[in-house]
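The values are calculated or read from the model by the stated rules, or taken from the named source; none is laboratory data. Worth saying up front: this structure is predicted, and the values here are computed from it rather than measured. Every residue, glycine among them, receives a Cβ derived from its backbone with ideal geometry; neighbour counts consider all protein chains shown. Note: areas computed on protein heavy atoms with side chains; ligands, DNA, RNA excluded. Shrake-Rupley method; radii C 1.70, N 1.55, O 1.52, S 1.80 Å.
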Amino acid sequence: MAEKTGKQPSGPGHVPDDPLLWPFAAARLAMDACFWWLERGPPEQGDSSLPWTTPNFVALELATMRLRDCSRTRSGQPALVCAPYALHRALIADFAPGHSVVQSLQNGGIDRVYLTDWRSATPHMRYLSIDSYLGDLNVAIDEIGAPVDLVGLCQGGWLSLLYAARFPAKVRRLVLVGAPVDLSIDSALSQLARNAPEMVYDQLVARGGGNVSGEEMLQVWSKAPGRDDIAVALQKNLADEAGAALLARFDRWNTETLNLPGSYYLQIVNWIFRENRIANGNFTALGRAIDLKHVKAPVFLLAGLDDEVVPAAQALAAAKLLGTSPAFVAAASEPCTHLGLFMGAQTHTRAWPRIAEWLRDDLSGVLARSA
């Protein structure tokens with residue numbers, strides 16, 4: 001696999017070399033290569049060989065996920081971290097000490113933390129849809145005990161927002177981190193999704209036997225982040241022994257991919273990135289039309305100033321779509337890339353402690369000031 005170093009050019013025709021861009025980058029390469037790779041069924045993948053940073057146990061086994069309980073106590077307000085279901089495993093939210101969303105929340109006084117550990121799609125999962133994932137998220141939240149504080153990362157962000165709009169009474173507070181919601185605000189990702197012919201995505205699914213193969217797409221893409229890119233994402237010097245260990249861990253995490261169900265993948269491409277249904281108000285979830293104005297819970301938005309995947313303007317624009325009072329909308333931006341929002345050492349020093357404090361705040365002072 002070729003390694004890329006140095007900063008690459010950006011612009012409408014450039015696809016940022018970020019792992020979370022993989023489905024669309026794969027489609028672009030598929031067009032360029034005229035689908036030259038061999039037709040074969042995607043391999044089934046087992047569990048990650050990487051250990052979790054935070055001690056946890058599986059609280060619930062569902063078709064789409066393992067619900068991981070990282071709690072230190074059995075009492076208190078629960079927070080559920082909704083990891084992105086894209087190319088990589090949920091370890092993106094618990095990567096390493098000092099680079100873990102779960103750990104930062106706990107260090108900030110959030111003792112009951114849960115995590116959606118999404119399963120790699122097997123052939124019998126190929127027809128699972130967005131509704132399938134919302135349904136299992138609902139089961140998980142009922143198991144935890146509603147209302148929960150829902151922390152959505154990247155594509156876990158729009159899923160969390162859909163859930164909060166569909167079940168507003170079950171979400172106490174909502175945190176959206178680098179979440180693509182309003183795709184009318186342009187990015188390289190949304191441009192690529194719109195510009196590639198629809199048949200390209202259909203072919204990707206067909207050639208994966210009904211799923212989109214993470215391993216195959218990583219091989220076809222073949223643009224793994226180089227040392228400099230990883231150092232920027234982790235906001236860490238990788239030259240010493242500890243840095244070398246982090247680099248090795250990142251490399252292993254990057255190669256342990258997930259497959260996506262074909263139906264789910266095509267819905268994301270067409271409904272969210274091409275048609276912008278969530279922001280436009282014409283998304284139906286679990287049989288009910290979604291109105292984002294039904295989301296009245298306090299919301300915290302976090303964006304990366306150097307995020308090429310979900311630009312800060314796009315990540316922060318969700319606020320204007322919600323029914324939440326402006327007094328209860330908090331927003332912050334960090335000088336980091338997309339992965340830096342979840343893995344960056346400086347982001348975990350500055351932004352995540354603030355999020356934990358906001359989750360613990362009773363907000364009574366805000367209510368008094370807005371009266």
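Among residues belonging to the stretch 45-84 that are acidic (Asp, Glu) and surrounded by 11 or more Cβ atoms within 10 Å (Cβ to Cβ), point out the one that is modelled with the lowest pLDDT.
Here the residue is Asp47.
Could you check, for the stretch 234-250, whether at least one of its residues is open to solvent by less than 10 Å² (accessible area, probe 1.4 Å), touching a His at 6+ places or on another chain (Cβ under 8 Å) and at pLDDT 90 or above?
yes
Of Arg172, Arg166, which residue is open to solvent by 10 Å² or more (accessible area, probe 1.4 Å), touching a helix residue (DSSP H, G or I) at 6+ places or on another chain (Cβ under 7 Å) and within 30 Å of Gly145 (Cβ to Cβ)?
Arg166
With Leu302, Leu341 as the choices, which residue is buried (at least 17 other Cβ atoms within 10 Å of the Cβ) and in a strand (DSSP E or B)?
Only one candidate passes the filter, namely Leu302.
Please verify whether Gly209 is small (Gly, Ala, Ser), over 30 Å from Ala79 (Cα atoms) and either in a loop (DSSP other than H, G, I, E, B) or open to solvent by less than 10 Å² (accessible area, probe 1.4 Å) (or both), treating the condition exactly as stated.
Taking the combined requirement at face value, the residue satisfies it.
Take Ala140 and decide whether it is over 24 Å from Gly287 (Cβ atoms), out of contact with any helix residue (DSSP H, G or I) (no Cβ under 8 Å at 6 or more places or on another chain) and either at pLDDT 95 or above or open to solvent by 10 Å² or more (accessible area, probe 1.4 Å) (or both).
Considered against the rule, which asks whether it is over 24 Å from Gly287 (Cβ atoms), out of contact with any helix residue (DSSP H, G or I) (no Cβ under 8 Å at 6 or more places or on another chain) and either at pLDDT 95 or above or open to solvent by 10 Å² or more (accessible area, probe 1.4 Å) (or both), Ala140 comes out as no.
Give the residue, chosen from Asn270, Asn237, that is outside any helix (DSSP H, G or I) and either over 30 Å from Ala289 (Cα atoms) or not hydrophobic (A, V, I, L, M, F, W, C) (or both).
Only one candidate passes the filter, namely Asn237.
Pick out the one residue from Gly152, Gly98 that is of a type in the set (Gly, Ala, Ser) and open to solvent by 10 Å² or more (accessible area, probe 1.4 Å).
Result: Gly98 is the single residue among Gly152, Gly98 that is of a type in the set (Gly, Ala, Ser) and open to solvent by 10 Å² or more (accessible area, probe 1.4 Å).
Would you check if there is a residue in the stretch 274-282 being part of a helix (DSSP H, G or I) and at pLDDT below 95? Outline the logic, then answer.
From the stretch 274-282, those part of a helix (DSSP H, G or I) are 274, 277-280; that's our starting set.
Imposing the further condition that a residue be at pLDDT below 95 reduces the set to 274.
Yes, the conditions are met somewhere in the stretch 274-282.
Looking at Gln191, Gln219, which one is of a type outside the set (D, E, K, R), out of contact with any Leu (no Cβ under 6 Å at 6 or more places or on another chain), more than 21 Å from Thr64 (Cβ to Cβ) and open to solvent by 70 Å² or more (accessible area, probe 1.4 Å)? Outline the logic, then answer.
On the way: Gln191 fails: open to solvent by 70 Å² or more (accessible area, probe 1.4 Å).
The conditions single out Gln219.
Being among the polar types (S, T, N, Q) and under 20 Å from the mean Cα position of the chain (by Cα), is that true of even one residue in the stretch 76-85?
The initial filter retains those residues of the stretch 76-85 that are among the polar types (S, T, N, Q), namely 77.
Going one step further and asking which of them are under 20 Å from the mean Cα position of the chain (by Cα), we end up with none.
Within the stretch 76-85 (the criterion being among the polar types (S, T, N, Q) and under 20 Å from the mean Cα position of the chain (by Cα)), the answer is no, since none of the residues qualifies.
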